[in-house]
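Please treat every number below as a calculation from the coordinates, not as lab data. It should be emphasised that the depicted structure is a prediction, and the values quoted were computed from it without experimental measurement. All Cβ positions, glycine included, derive from the backbone under ideal geometry; neighbour counts span all protein chains shown.
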Amino acid sequence: MFRLDGKVALVTGGSRGIGRACCEALAEQGATVIVNYVRGEDKAREVVGAIERSGGKADLAGFDVADTPAVEAAFQSLLEKHGRLDVLVANAGIAVDGLLLRLKDDDLTRLFDTNVRGALTCARLATKAMMKPRTGRVIFVSSVVGEMGNVGQTAYAATKAALIGAARSIAREFASRNITVNVVAPGYIDTDMTSGMNDAMRAKLLELIPLGRTGRAREVGTACAFLASDEAAYITGQTLRVNGGMYV
């Protein structure tokens, strides 16, 4: 079940954390995975190497999702080399935390350019490639704060909420082409973004999570692999929450 043999999948922000876990999970199911990165080429090459050592197939694609001409060039190169694109996991994103009264215009621009405009640019190009074969999977990686909000994360939460609304609309636009569009909304996952918490902060956080622990990047990756599979063909416009019960 959930096999992706013969499929080509692009994961933006695939060099570390949740992105890396998505790359590895998709490759384990047989997909050829394109690992996108911006500056972390060495880490991206580590992901490719790990996949290949496990018997999988992977390739690199260095571009900034906020740079539309670079995205367009990368997609053209990808399609010329691999001949198809079956799965997009739009995972690339940045976080700029701060109370609303302290937010700067530059922070808002950077957040929306990467987290929203970048994701939609990738989705636009991916769905264009998926229209002729009349099949495809688009998966946006949102966040629990996009649904429940959080103090000091107004702008970040807004970008992640935008992905949920976009996915619902795009799902309706492309359903007739058998292209599904869904969202995975992780809760607090053990990645670089949570590694800076001290013991007191972590203890307070765990009180909010019914399962009593933070999540693993692997658990988000396997959720994406499921949504990318044929078994999820009748699921579209939905948000799959991987948050330990923090928001239900």
Based on Cβ point charges of +1 for Lys and Arg and -1 for Asp and Glu, what charge dipole magnitude is obtained for the range 1-85 about its Cα centre, in debye rounded to the nearest 20? 220
Mind counting lysine pairs for me in the chain? Cα separation below 30 Å, and the two need to be 8 or more apart along the chain or on different chains. 20
GNM flexibility winner over the chain from LEU78, LEU163, LEU99 (Cα, springs under 10 Å): LEU99
In sequence order, what are the phi-derived ³J(HN,Hα) couplings for the range 50-62 according to the Karplus relation 6.51 cos²θ - 1.76 cosθ + 1.60 with θ = phi - 60°, rounded to whole Hz, with x for glycine and proline? 5, 5, 5, 5, 8, x, x, 10, 8, 8, 10, 8, x
With each label point set 7 Å from Cα along the Cα-Cβ vector, what nm distance links ASP42 and LEU211? 3.3
Computed from the beta carbon distance with a Förster radius of 22 Å, FRET efficiency for TYR247 and VAL151 to the nearest 0.05 stands at 0.90
At 7 Å along the Cα-to-beta-carbon direction for both ARG172 and GLU80, put a label point, then send me their distance in nm to one decimal. 3.8
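Quick one, can you get me the convex hull of the C-alpha atoms of the chain expressed as volume per residue in Å³?
Looking at the chain, the number lands at 125 Å³ per residue.
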Contact order relative to length of the chain, as percent, for alpha carbon pairs under 8 angstrom and 6 or more apart: 21
Give the peptides 133-142, 89-98 in descending order of average Cβ contacts within 10 Å, highest first. 133-142, 89-98
